[in-house]
Structure formats: structure tokens, C-alpha cells
Amino acid sequence: MGAFFWGTRLVCAWAGEAHVPVVPSTDAVVKVFVTSNSIDYYRPWQSKGIASAVGSGVILPGHKILTNAHVVADHTFIQVKKEADPKKYTARVEAIGYDCDLALLSVQDPAFFEGTREIKIGDLPQLQDKVMVIGYPTGGSKVSITEGVVSRIELTSYAQSSRQLLAVQIDAAINPGNSGGPVLKDNKLVGIAMQVLTAGQNIGYIIPVPIIRHFFKDLEDGRYDGFPLVGIEYVNTENKALREYYRLVDHEGGVLITNILPFSPASSFLRKDDVILGINGIDIARDGTFVFRDKERLGLSYLITQMQQGEVLTLRIVRDGALKDISFPLRPFTPLVLPTKAFDQPPYYIFGGLVFTVLSVDLLKSWGNRWWEKAPADFMYYLVGTGRLNEEQNENLVVLLNVLPDDINVGYHRYRNRIITRVNGHAVRSFKDFVFQLREAKQSAYTILETRQHQRLIIPNEGVDAVTRQILRRNNIARPFPETIARWFR
């Protein structure tokens, strides 16, 4: 399985010293067999069809099996198998975190764990530490062990979710099928194999212990809430004139807030032009980093993502030249362009042959490899352009995805992949808002839809429901909207 992020190809691995190294035990490593059926986000009423793939997993204390989220995404059936055991056992997903690319599996049959051992979680390795990657990569059916060293520890874009989280770069071979397999040091788990950078040589990434521990702590209440977002954008304060202008000459570090996203945890507490000097008592340098350990530094977002949803974030800031301490709770926040796996089934609504859905990262990935270059510019404008600032304060964005040709929509057949901004003159703030506006608009003679490019699509309302049913029958589409939307009207 391949995945990309902003011009750098990151592919999920789905499908020296003289002393003698510790020989790792393979009794804790399992092979994961997955049957899946992914949703077709460009045709959200249908799936892409059944597919199968293989990944790896590791048994942790408590008979927990840890693997990657992308290994079991969209699963319909999962089996696991031990090394040197021909029998496969049915497994199920207990928890999944798409943002951190981790999933927890369980096996009900206690016979599966006979003869296995559990791997304890270790610590974050140091640079140049030797590690071993164990799993079931392509090229054979038996377990594989590769060895390498830790070459870098920093915040990295996770291919599964595009989130910037802590990752460890290693030079051990990671190939398709290794995903979800353990990375060990002294027979303790220091990471989970995740992805490789195909633009370089021997550049692999693992999910490190701090992320794994965060995942398990999050699950202590029985629910996965995810890694928090604070909702700010900032720049460094290295320029001398900038520091003088914002009255920072008496302070050593700090970053300048340039934007605050609507509805975010920060939106009611922080302001544009605030300067963040410290987070939870830790000083932030002018370049936006902090001292992590020894001489290592990490970006400030790590201090936020290592907190749990609901915990209180404390910032020391300079506002209008005055020093202030501000605290506020972190709460779940959904970006304007919905993140990966924001819903089990994407919402859609078909009206007069016009197909509408929500703008999401999963929809953008429908454009395949290098999707950030191939997807419509209007869509990317809201993901990475000025539209990301959400100045209109929309909850999410409505997309005219396609047009199913009919007499009622003649002349509009090329109007696909457009952002809808108004219905009968009323601004659209969310997909739910849009659906209710459509239903209300049918009380008028026409439904008038406006796009971001100020184009108008005018649909006559008389007989439109009957026409929509005919269009659905001709295109073998069962319903004009899914059950999740039908519940809105009850």
C-alpha cells in the first residue's frame, strides 16, 4: 500500500559492533491476514470491492496484539497466525487510532496464545542504537529479521493520516508486510514498523514508544479520542526587527501566532499576534523548538500532541508587550477538510442527478498517487491554501462531486468537483445545513445552487423527486442518501 505527503513519497509498509547481539524471540510476532472492502469516496454509495493483504503484529502483556491501523483499515475479516503454526485464528479490532496509525487486536480463542510470549514495552532509543525489525514482509512466507540503527528522531508526517507526530527513522529494511511488526532493542519493544521513504535509500520509519504509550493511555476510559490539535499557526521570531516590534527584547525565545482556526481549542483564549514563550513550563526557542533530551530538540507541537484530550494546556505568552499565563482545556477539534476516516461511510446526497458529498482527505486521495498535485485546485485551496484559515467559519465543505446526466441537468454536466457556497441565496455552513436547505428549497419553484466560482445551477423543483428516482434506477444506485442522513429527518 502506498501513501504520499506533500511531494515526498511515504509508503506504508503494508502488505557494526563487535559484540554478539541479543537474539530476538519470534514467539511474540504474528502474521496478520486481512480481508477488506474500502469505500469508493468518489462514488460514496458503493465500495471498491474485496481485497486481501498481509501485515504483522506483536503480542504485548495482557494478550494484546498491536499492529498498524492501515493494516486493518476497512477490514471485513481478520485472522492471525503464529510462527511455525499452520492454524489461523480469527481476530477482531478492539481499538483503532488512524491519526497515530495504531490498532489493537484481540483473539477470543485462548489456544492461540499457547507457546507465545509477550514483549514488554521499552524506552525511546538513542541515536545510533541498534534495533531489529521483525515481521512478515513480501519475498517469503516465514518470519524475517532485519537489523539497523536509529538515525533520526523527529516529528514526521504519518502517511496514514498526514498528522505530524513523533517518529524514529532507522536504516533497517522495512518492506510491504512488515507494517505492524515490532522493532526491538534488547528484546523490548521500542517501536512499530510503519512506513518507508521511497525517494531515499534505507529510510524507514517506526512509531516510537511515546506514541504507543499515548495510545494506550487514551484507551484507559474505553474510548479512543486521538491526539489533540490546538488550532494555531505560528512563525519563528528570529528576526531582530520583528522581536523589537513585538516587544520581545526582554525575552529569549518565543513564536508568533499568525492565525487561529475557528472552533479550535485556542479560538476562545488566544489571539493573533500573541507570542508563545513557554508550554506547560517548558521554554520555546525562537525557531519553535524545545530541549527534548540531552542536545536533541523537537518542534513545540510535540508538547501538545503528547497531552490527552481534556487535559489543561498552560501557555506563557506575551500579548501587547505584557507577560501572561493562559490555560485552557484541549478538546476534540475537526479541521475544515475532514481527516482520514472521519466517518465509517462518507455522507452523500443525490438531487436531480447532482451528487454531493463532504470534502475530506479521503476524497482527495481518490486522485491516487501524488493526489496533492492532481486533485482540483479548489479543493487543495481549503487544505493548504488560504482557505484553510476558514474565514467563513464553516463546519465543513460541500462538494458537487459529479453529475448523473439527465434532461433536468443538461448544461451542467461538466460542473463536477465544485465547492457549493449557497442554496437559494443562503450561505452553506455544513453538509447537514446544506441538506436541510435543499429540502426547504423545494418549497420554491427552483433550487438555485451557487459555487465558489459564482456559477449558478438552477434546478426546477416540480417533479424533481420522481426524476431523481429515475436517475438512480438508471445508474443502479439504491438510495439518494445513506441511512446516516435518513436519521436526520426522523
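Bear in mind that the values in this text are calculations on the coordinates, not laboratory data. In this text the structure is predicted, and so the values were computed from the model without any measurement. Cβ coordinates were reconstructed from backbone atoms using ideal geometry, including for glycine residues, and neighbour counts include every protein chain displayed.
For the cross-link pairs 87/185; 120/365; 64/88; 48/341, the ones whose C-alpha atoms lie over 26 Å apart are 87/185; 120/365.
Across the options 97, 167, 128, the greatest Cα extent toward the positive end of the charge dipole of the stretch 3-221 (unit charges at beta carbon of Lys, Arg, Asp, Glu) belongs to 97. Electrostatic tally near residue 316: other residues with Cβ closer than 9 Å to its Cβ, Lys and Arg +1, Asp and Glu -1, net -1. Between residue 308 and residue 280, the modelled label-to-label distance comes to 1.2 nm, taking each label 7 Å out from Cα in the direction of the beta carbon. In order along the stretch 81-97, phi translates into HN-Hα couplings of 9, 8, 4, 6, 10, x, 7, 9, 10, 5, 10, 9, 7, 8, 7, 8, x Hz, rounded to whole numbers, per the Karplus curve 6.51 cos²θ - 1.76 cosθ + 1.60 with θ = phi - 60° and x for Gly and Pro. Around the Cα centre of the stretch 348-489, unit charges on the Cβ atoms of Lys, Arg, Asp and Glu (plus for the first two, minus for the last two) sum to a dipole of about 300 debye. With R₀ set to 41 Å, the beta-carbon distance separating residue 126 from residue 93 gives a calculated FRET efficiency near 0.80. Projecting each Cα onto the charge dipole of the chain (Lys/Arg +1, Asp/Glu -1 at the beta carbon, about the Cα centre), which of 269, 65, 42 comes out farthest on the positive side? Most positive-ward Cα: 42. Annotation: amide H-H contacts under 5 Å for residue 416 (H modelled 1.01 Å from N, sequence separation of 5 or more, or interchain): none. Each label was represented as a point 7 Å from its Cα along the Cα-to-Cβ direction; for residue 223 and residue 142 these points are 4.8 nm apart. According to the calculation over all Cα-Cα pairs in the stretch 168-218, the P(r) per 5 Å bin from zero is 5, 22, 29, 23, 14, 6, 2 %.
Rounded to the nearest 0.05, the FRET efficiency derived from the C-beta distance between residue 295 and residue 455 at R0 = 45 Å is 0.20.
Here the contact order of the stretch 232-329, divided by its residue count and restricted to Cα pairs under 8 Å and six or more residues apart, works out to 27 percent.
The residue list 119, 144, 477 was ranked by how far each Cα lies along the charge dipole of the chain toward its positive end, using unit charges on Cβ atoms, and 477 comes out on top. Backbone phi angles across the stretch 413-420, fed through the Karplus curve with coefficients 6.51, -1.76 and 1.60 (θ = phi - 60°), yield HN-Hα couplings of 4, 8, 7, 10, 6, 10, 8, 8 Hz in residue order; Gly and Pro are listed as x.
Mind running the shape call on the stretch 232-329? Use the C-alpha gyration tensor, a ≥ b ≥ c as the square roots of the eigenvalues: rounded below 1.5 for a/c, prolate if a/b tops b/c, oblate otherwise. The shape class here is oblate. Label zone of residue 259 (point 7 Å out along Cα→Cβ, amide N under 18 Å): in the stretch 383-410 this covers 383-398.
For the stretch 414-490, the list of chymotrypsin sites (Phe, Trp or Tyr not before Pro) that fall in a loop by DSSP and count at most 13 other C-beta atoms within 10 angstrom is empty.
Express the relative contact order of the stretch 348-489 as a whole percentage, based on alpha carbon pairs under 8 Å and six or more residues apart in sequence.
Worked out over the stretch 348-489, it gives 26 percent.
Here residue 272 is the anchor, and the lysines within straight C-alpha reach of less than 16 Å, apart from those fewer than 8 places off in the same chain, are 324.
Charges were assigned to the Cβ only: +1 to each Lys and Arg, -1 to each Asp and Glu. The resulting dipole of the chain about its Cα centre is roughly 1180 debye. Couplings for the stretch 396-411, taken from phi via the Karplus curve 6.51 cos²θ - 1.76 cosθ + 1.60 with θ = phi - 60°, read 7, 10, 9, 10, 7, 7, 7, 10, 8, x, 6, 4, 5, 10, 4, x Hz in order; Gly and Pro are left as x. In a fully extended conformation the segment linking residue 233 and residue 478 would gain 83.9 nm over its present Cα-Cα distance, using 0.36 nm per residue. Taking the number of Cβ atoms within 10 Å of each Cβ as an exposure proxy, the fewest-first ranking of 301, 360 is 301, 360.
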